[in-house]
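J.: This is the structure I want to talk about, given as structure tokens.
Coordinate-derived values only; no laboratory data. Computed from a predicted structure; not experimentally measured. Cβ sites come from the backbone with ideal geometry, for glycine too, and all protein chains shown count toward neighbours.
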Amino acid sequence: HWLPASGEKMRKAPILFHYTNLAEGMTEQRLETDVYVPLA
């Protein structure tokens, strides 16, 4: 749980998931995902 230890606080905004290699037939296990957490 890195967030409490980081000293950062979350902003009231949605978390964004960006699938960098999304293609037809790609299995969920092979997806590469960038996760953007909105910080205050």
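J.: Contact list please: Cβ distance under 8 Å, first residue in region 15-40 and without any contact (Cβ under 8 Å) to a residue 40 or more places away in the chain, second residue among the hydroxyl-bearing types (S, T, Y) and part of a loop (DSSP other than H, G, I, E, B), pairs at least six apart or on different chains.
T.: Pairs that qualify, where the first residue is without any contact (Cβ under 8 Å) to a residue 40 or more places away in the chain and the partner is among the hydroxyl-bearing types (S, T, Y) and part of a loop (DSSP other than H, G, I, E, B), are E32/T20; T33/T20; D34/T20.
J.: Still on this structure, please answer the following. What's the total number of residues in region 13-40 that are closer than 16 Å to L3 by Cα and loosely packed, with under 10 Cβ neighbours inside 10 Å?
T.: Counting residues in region 13-40 that are closer than 16 Å to L3 by Cα and loosely packed, with under 10 Cβ neighbours inside 10 Å gives 4.
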